[in-house]
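Values quoted throughout were computed directly from the atomic coordinates according to the rules given, and no laboratory measurement underlies them. Model, not experiment: these values are computed from the prediction. Counting neighbours? That spans all protein chains shown, and the Cβs are built from the backbone with ideal geometry, glycine included.
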Amino acid sequence: MSIDLRAERLESFKAGVIAAFCLTFAFVVTSLVNSLVLARLFPALSSLEIDMLNWHWLVSGAIACFSGLLFGVTYRYIIRSDKNPQLKAGGVLAFALVRGLAQVDIAFSSAYPILPFIVLGVESILWFGLAALALDIAMQFGWLKPFQ
């Protein structure tokens, strides 16, 4: 394996770790906001209240972390060294809409109200947007090299 290939893989791994950390952090914060604020202030969103530190919450957090890892690696390859904002937004929306629209699809196929699932869809855009922002900042400071 060439040194350049190893260096590229290391940079991709770093991008994945940064994004995984961001999505995990965003997951914890939005879980708290959903449970402590939205579910209590808006009765229509009461289904967003979850018991933290149970298996469901831990599995959801692990999925968010893994999604962040995949997003970080992919985002680095999507944007490369381009300054195209449509590529950046497209990468964020591709990941966010896959997760968010799956949430909305669950609402349509079940008897649950759709509003909480729309909130989760918007939450997805926030998660991946924050991860993209963190990756862009890491590239600006030189902590992460864009793919050439």
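Worth a mention:
- Angle between the chain longest axis and helix 55-79 axis [Cα atoms, degrees, rounded to 10]: 40 degrees
- 10 Å Cβ shell holding at most 15 others, DSSP loop, trypsin sites (Lys or Arg not before Pro): longest site-free stretch of the chain: 1-79
- A straight Cα-to-Cα reach below 14 Å connects K14 with the aspartates and glutamates D136, residues fewer than 8 places away in its own chain not being considered.
- Among L48, L41, L58, sorting on how many other beta-carbon atoms sit within 10 Å of each Cβ, with the fewest leading, yields L41, L58, L48.
- Dipole magnitude of the range 3-140 about its Cα centre (Cβ charges: Lys, Arg +1; Asp, Glu -1), debye to nearest 20: 260 debye
- Footprinting exposure proxy for S2, S47, S31, S110 (fewest neighbouring C-beta atoms within 10 Å first): S2, S110, S47, S31
- Between helix 3-33 and the chain: long-axis angle, C-alpha atoms, 0 to 90°, nearest 10: 20 degrees
- Checking (i) 9, 26, 18, 14, 11, 9, 7, 4, 1; (ii) 12, 37, 30, 16, 5, 1; (iii) 11, 42, 37, 9, 0 against P(r) over Cα pairs in 10 Å bins from 0, in percent calculated from these atoms, the matching label is (ii).
- Gap separating the Cα centres of the range 99-130 and the range 1-71, nearest whole Å: 15 Å
- The shape of the range 96-144 comes out prolate: with a ≥ b ≥ c from the C-alpha gyration tensor, a/c is at least 1.5 and a/b beats b/c.
- Listed by Cβ neighbour count within 10 Å, with the fewest neighbours leading, W55, W127 appear as W55, W127.
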